[in-house]
Amino acid sequence: MTEKSWQLRQGERLVGTLTLEEADMFWSDCHFAPGPAWEAVRPLFAAARDAWARGDEEAAVAADEAIHAEGLALVPADGGEPITDFLIRIAEETARFRY
């Protein structure tokens, strides 16, 4: 059995690779390995994480919308169709997403 993984891409740029560790009904929990384009979007993920942590729902939703506006796609390593409409959280080496 091979590991399920996705490349997080912004156009042709590799933001990082997500490798599935666990899935529940809604979220897929993954290991995150940053790619060359990670530094350009990292502040957006930090803003979302910090806003959710302090309970500022308005700022958190705005941060999630800013992430979505970056045009990111999850491209399955197995060659399936890219996922373009999803919610994602990344903190250090941990990522989780739902679609």
Completion exercise
Percent of all alpha-carbon pairs of the chain at distances over 15 Å, whole number, is 60
Exercise for the section: Using the Cα centre as the reference, give the magnitude of the dipole from point charges on the C-beta atoms of the chain (Lys, Arg: +1; Asp, Glu: -1; all else neutral), rounded to the nearest 20 debye. Expected result: 180
Handout entry: C-alpha long axis of helix 57-69 to longest principal axis of the chain, angle in °
Key = 40
Practice task
Can you send over the carbon and sulfur percentage of the accessible area for region 47-99, probe radius 1.4 Å, protein chains only?
Solution key: 48
Completion exercise
With the 1.4 Å probe rolled over protein heavy atoms, region 23-65 has an accessible area per residue in Å² of 61
Problem - Rounded tilt (10° steps) of 38-53 against the dominant C-alpha axis of the chain - result: 50
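Mean residue ellipticity at 222 nm from the helices of the chain, using -39,500 (n - 2.57) per DSSP H segment of n ≥ 4 over the full residue count, to the nearest 500 deg cm²/dmol?
One gets -9500 deg cm²/dmol as the mean residue ellipticity at 222 nm.
The values are calculated or read from the model by the stated rules, or taken from the named source; none is laboratory data. Note that the coordinates shown come from a computational prediction; the quantities given were computed from them, not determined experimentally. Ideal geometry is used to build each Cβ from the backbone, glycine not excepted, and the neighbour counts take in all protein chains shown. Surface accessibility is based on the protein's heavy atoms, side chains included, excluding ligands, DNA and RNA. Shrake-Rupley method; radii C 1.70, N 1.55, O 1.52, S 1.80 Å.
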